[in-house]
1. Looking at residue 62, is it loosely packed, with under 11 Cβ neighbours inside 10 Å and under 24 Å from the mean Cα position of the chain (by Cα)?
2. How many of the residues in segment 74-99 are closer than 20 Å to residue 29 by Cβ and exposed (fewer than 13 other Cβ atoms within 10 Å of the Cβ)?
3. Filter segment 42-59 for residues that are among the small types (Gly, Ala, Ser) and within 12 Å of residue 81 (Cα to Cα); which is surrounded by the most Cβ atoms within 10 Å (Cβ to Cβ)?
4. Yes or no: residue 80 among the aliphatic types (A, V, I, L, M) and touching a strand residue (DSSP E or B) at 6+ places or on another chain (Cβ under 6 Å)?
5. From 44, 14, grab the single residue that is farther than 30 Å from residue 65 by Cα and modelled with pLDDT of 80 or more.
Amino acid sequence: MTTPDDGTPFLDEEMHRLLAQFQADTRPLEELQEGLNAIRGRGEAANGQVEVEVLPSGALGSLRIDSRAMRLGADALAEAVLAAASAATADLTTQMAGMMTDGLTPFADEVRRFSRD
């Protein structure tokens with residue numbers, strides 16, 4: 001084990017310090033990941049009679065069809081579901097882009113700073 005001049009263990013303290021710093025530095029990325037996993041995209045169609053929620057994976061999280069939407073007919077209802085899903089996906093994409101920009105900007109600033117040095 002490496003010791004400073006006085007003979008006391010140094011490596012363990014330095015490793016603990018480095019590990020603590022690494023954990024502090026990566027915590028914003030962990031928070032970003034948690035936030036990305038928690039968001040939901042929402043969309044609606046047919047004057048709000050069809051509502052869709054999309055998960056970050058792209059899967060449908062929920063689908064609500066108001067009983068009035070049944071009067072649209074099969075084809076129009078199918079189009080409304082697809083339109084609501086498309087709107088939900090666009091909403092999710094917008095949210096994710098904003099979170100990624102906000103979450104990664106500090107790291108990009110650091111990279112630019114190191115690139116200049």
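1. No; evaluated as a whole, the condition is false for this residue.
2. Residues that pass the stated criteria total 2.
3. For segment 42-59, the residue satisfying everything is 45.
4. On the way: among the aliphatic types (A, V, I, L, M): yes; touching a strand residue (DSSP E or B) at 6+ places or on another chain (Cβ under 6 Å): yes.
Against the criterion (among the aliphatic types (A, V, I, L, M) and touching a strand residue (DSSP E or B) at 6+ places or on another chain (Cβ under 6 Å)), residue 80 qualifies.
5. Every option except 14 fails the conditions.
The values are calculated or read from the model by the stated rules, or taken from the named source; none is laboratory data. Computed from a prediction, not measured in an experiment: that's the story for all the values here. In this analysis, Cβ positions are derived from the backbone assuming ideal geometry, glycine residues included, and neighbour counts consider all displayed protein chains.
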